[in-house]
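Heads up, the thing below is written out as structure tokens.
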Amino acid sequence: MDDSVRLQQIQALYLEYTHAIDEDELERWPGFFTERCLYQVIPRENDARGHPASLIWCDRRAMLEDRVVALRNANIYNLHWDRHLMSPPWLKAGAAPGSFVGRAQFAVCQTDPGGNTRLFAAGVYRDLIVFDGEQPRFKERVVVLDSFNVQELLATPI
Amino acid sequence: MTHAISPLDSFRWPNADYTRTPFRVFQDADIYEREMERLFKGPTWNYLGLEAEIPEPDDYRTTQVGNVAVVVTRGKNGSVNAFVNRCAHRGATVVRREFGKADSHTCIYHQWCYSPEGSLLGVPYRRGVAGQGGYPADFKPAEHGLRKLAVATYKGLVFGSFADEPPALMDYLGEHVTAHLDRIFVKPLKVLGYHRQKISANWKLYFENIKDPYHAGLLHMFAATFGTYRSTQQGKTLLSPDGGHAVVYSVMGTDNAETVAEHYQGTDNKYQADFALKEPKLLSWDPDFHDGIGNLIISVFPNLVVHQILNTLATRQVRPLGPDRVELYWTYFGFEDDTPQKTEFRLRQLNLVGPAGYISMEDGEAIRLVQSAIQGEAGTASFIEMGGRGPIVDAEHVVTEVCTRGLWKQYARLMGFAPEA
């Protein structure tokens, strides 16, 4: 497979990821990651100052699956819809053969059951993408949150 | 202390054992203003930060007391200082960064320059320019420093007070709080980072929440199901003499499947015996203290919470943002001598706490729902009788709201709202 095909596949991965969350297909979300992975939502101030504390920190797909089950069955949080707005990803070849590093800026609007929409989050994805066979997946997705003063709470993934 | 006449002067608590809380106290702008004066600037100690955040001379960090911006600094001699972050000249914010190191602090507006202790070092054009202008001859820099707070530290926690003669910090904290701080703050700390969260609720709804063990085993299915905290566990509910501080904890492994199933009958599936994590590592932990306590919450009136939940250790600073909004500022820490594996436990378990945490996210939602639903209900009150009425005393269990009543006792006394006042 040549790189232009791979880049198209990765761009599709970025789009599918955000649409899956926004369409409330959270069960698809863990599948965008490799089995051993990193999904981390880190406040920008911590990232900038070298502090590791994160809002969400999962190092296996199984932890992502647990989060979806918890959100569906266990947790109480604000009822809302998400809408991700995202820049095109900026992609480059990664250090390991066949891997890619990616960056994309995002904003997430949240809408409450009364139809009131607010800007909920803004930041950047810092990603490492690998090919699991023919399928690109996130080996790492570090969500650096500019809006680290979280409005109310952060339940659904970004 | 004398106060101007106010419509609040006739406001009194409806009963003497504080089993009712008027919803008005969560909404009224005049009450909020009085809180800022009488509580946060009153005879209290407010948590400002950790000494570990300003380890070296000239280090500083900004913080908040009530609605007042404050700076905490480390002096040349190692002393810890705090001052209001407002220029003594025309009122501009002096220190603009959250953290830093500086041997002086200069206001950007007219270049008034202050020492790390908050004293005025110099002003431009004091004697004028070429014989023109300048300050009057009786201008004394010593009289124009930044407003300083009294500062006291305990086990690396920094407290500040606006009171002229604050009580001794140890007396203020009391026996239960110091005993449980002693349990946690045993070694030099390493700060792991911060969470911040703004909740659309009055700050006191949060302070009620964290001293209420009744909700903890019911709202938080995650805690109940996995036994990090359950109402059926052995635990204690301890109050300070004035009522405003509390220590609440439960001990893991002190209940059994039978009693849990029995007592969680009738809840909305808050205990799910057959629920398992695909990645159980989240809840595996390496206890720092060997007493079985999996969940401990210390609250110090009016703005500090210290928690230990499994391996996570944190302070939470309560920053009021008006009658209907509060910011929570979470500072996570471990110890300097933590192994990489211990740090990993702490970081992984952050998935439980903070604004995105399986347990803590729910508190934000619960108190937001209260704030939302009490609009227009200034004349009614909440009902606080779990654990009984009457004396406000320690309990040998966690099925009680007595700490909530204790909070209101101290609050009402300081605010002049006590029924006997």
- For the range A:1-143, size of Cβ-based charge dipole, Lys and Arg +1, Asp and Glu -1, in debye: 460
- Pseudo-spin-label distance residue B:104 to residue A:5, built 7 Å along Cα→Cβ, given in nm, is 6.8
- Message: For a quick check: sort B:10, B:161 by the number of other beta carbons within 10 angstrom, fewest at the front.
- Response: B:10, B:161
- Message: For chain A, take the convex hull of the Cα atoms, compute a quarter of its surface area, and give me that in nm², please.
- Response: 9.4
- Query: On average, how much area does the Cα convex hull of the range B:175-415 cover when viewed from any direction, in nm²?
  - Reply: 13.5
- Query: Using the count of nearby Cβ atoms within 10 Å as a rough guide to exposure, how do A:16, A:23 rank from fewest to most?
  - Reply: A:23, A:16
- Message: Could you work out the relative contact order of the range B:133-203? I mean the mean sequence separation of Cα pairs under 8 Å and 6+ apart, divided by the number of residues, in percent.
- Response: 20
- Note on the structure: Computed, not fitted: 222 nm per-residue ellipticity of chain B from DSSP H runs ≥ 4 (each -39500 (n - 2.57)), nearest 500, equal to -6000 deg cm²/dmol
- Quick one: Karplus J couplings for the range A:108-121, per residue in order, coefficients 6.51, -1.76, 1.60, θ = phi - 60°, nearest Hz, x for Gly and Pro? 10, 8, 10, 10, 8, x, x, x, 9, 9, 9, 6, 9, 8
- Task: Treating the Cα atoms of the protein assembly as shown as identical point scatterers in vacuum, please give the log10 of the normalised Debye intensity I(q)/I(0) at q = 0.07, 0.12 Å⁻¹, two decimals.
- Result: -0.46, -1.25
- Label model pair residue A:149, residue A:36: point-to-point distance (7 angstrom along the Cα→beta-carbon line) in nm is 4.0
- Message: Run the reach check for residue B:187 against aspartates and glutamates, Cα to Cα strictly under 17 Å, same-chain hits fewer than 8 apart removed. What comes back?
- Response: B:51, B:53, B:286, B:288, B:336, B:337, B:338
- So how strong a dipole does the protein assembly as shown carry about its Cα centre when Lys and Arg Cβ are +1 and Asp and Glu Cβ are -1, to the nearest 20 debye? 1620
- Fewest to most Cβ atoms within 10 Å: B:215, B:245 sort as B:215, B:245
- For residue A:87 paired with residue A:111, estimate the spin-label separation in nm (one decimal), with each label point 7 Å from Cα along the Cα-to-Cβ line. 2.6
- Query: How big, on average over all directions, is the shadow cast by the Cα convex hull of chain B, in nm²?
  - Reply: 23.2
- Toy charge model, Lys and Arg Cβ at +1, Asp and Glu Cβ at -1: the range B:175-415 dipole around Cα centroid in debye, rounded to 20, equals 680
- Task: Within the range A:60-88, find all residues whose amide N lies under 20 Å from a label point positioned 7 Å from the Cα of residue B:370 along Cα-to-beta-carbon.
- Result: A:76-79
- Quote the relative contact order of chain B in percent (integer), defining contacts as alpha-carbon pairs under 8 Å separated by 6+ residues. 22
- Message: Report the Cα centroid-to-centroid distance between the range A:44-101 and the range B:85-141 in angstrom, as an integer.
- Response: 45
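Every number in this text was worked out from the coordinates using simple rules, so none of it is lab data. If you're wondering where the values come from, they're calculated on a predicted model, not measured in any experiment. Glycine also receives a Cβ, built like all others from the backbone with ideal geometry; neighbour counts cover every protein chain displayed.
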